[in-house]
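Q: Got a structure for you, written out below as structure tokens; questions coming shortly.
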Amino acid sequence: MKSAAAGHAPSHASGAKATPLSPAPALGARWLIGLFVVALLMRLAVVLALRHTVFAATVVGDGRYYDQWARQLSGGDWIGSAPNFLSPLFAYFLAVVYRIAGPEWMIVRLIQALFGAATCVLLADAGARLFDRRTGIACGVIAAFYAPMIWLEATIHKTGLEILLSASFIALIA
């Protein structure tokens, strides 16, 4: 009979050796910076191409409602008196931008372009950490060139902020 005192360590019931989980290697900083630059240039190209069109001079749909709500908020009525049927985060984001820079839609669109580029980086890094390097690269490149995402970031709409926050959550999990 062999004993633990004789220099033999007790064995695990499963026989498997316990190893700590280690995160998958992340993409390099140079690659992520390059992705950010490419994604930002794509978004800026769209925003700047549309700056002298009727698109830049109008806000429609939910964007119009958010714009009016943000103007009310930035005017000092930060609580409001009536219930709203849309989520408030984007209205408060717009109100802060309006309070700092004035109600300039072009500034909002430029900030949202930054958000979009950051989203691409977050998705790429999370994809690499959760799966592998190729998956991370694919996530980042697809997000950088995904036309519906770029279009929504060029409008006054809550989607760009929502996608950034969702990507941030995924990146935190990774």
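Q: Return the only residue of Ile150, Ile163, Ile156, Ile170 being surrounded by fewer than 19 Cβ atoms within 10 Å (Cβ to Cβ) and either among the aliphatic types (A, V, I, L, M) or not in a helix (DSSP H, G or I) (or both).
A: So the residue among Ile150, Ile163, Ile156, Ile170 that is surrounded by fewer than 19 Cβ atoms within 10 Å (Cβ to Cβ) and either among the aliphatic types (A, V, I, L, M) or not in a helix (DSSP H, G or I) (or both) is Ile170.
Q: Ok, one more. Please find, within the range 76-97, the residue that is farthest from Gly160 (Cα to Cα) out of those that are small (Gly, Ala, Ser) and either surrounded by 12 or more Cβ atoms within 10 Å (Cβ to Cβ) or under 18 Å from the mean Cα position of the chain (by Cα) (or both).
A: Within the range 76-97, the match that is farthest from Gly160 (Cα to Cα) is Gly80.
Q: Within the range 4-59, restricting attention to residues that are closer than 22 Å to Glu104 by Cβ and among the polar types (S, T, N, Q), which residue is modelled with the highest pLDDT?
A: This residue is Thr53.
Q: Quick check: anything in the range 153-160 among the hydrophobic types (A, V, I, L, M, F, W, C) and over 23 Å from Ala29 (Cβ atoms)?
A: Yes, that holds for at least one residue.
Q: Continuing with this model, one more query. Could you go through the range 122-134 and let me know if any residue there is assigned to a helix (DSSP H, G or I), more than 18 Å from Ser168 (Cβ to Cβ) and open to solvent by 30 Å² or more (accessible area, probe 1.4 Å).
A: yes
Q: Something else: Looking at the range 98-117, which of its residues are in a helix (DSSP H, G or I) and open to solvent by 30 Å² or more (accessible area, probe 1.4 Å)?
A: Selection gives Arg99, Ile100, Ala101, Trp105, Met106, Ile107, Leu110, Ile111, Leu114, Phe115.
The values are calculated or read from the model by the stated rules, or taken from the named source; none is laboratory data. Please read all numbers here as calculations on a predicted model, not as lab measurements. Cβ atoms come from the backbone with ideal geometry, glycine included; neighbour counts cover every protein chain shown. Just so you know, the surface numbers come from the protein's heavy atoms only, side chains and all, with ligands and any DNA or RNA stripped out. Shrake-Rupley method; radii C 1.70, N 1.55, O 1.52, S 1.80 Å.
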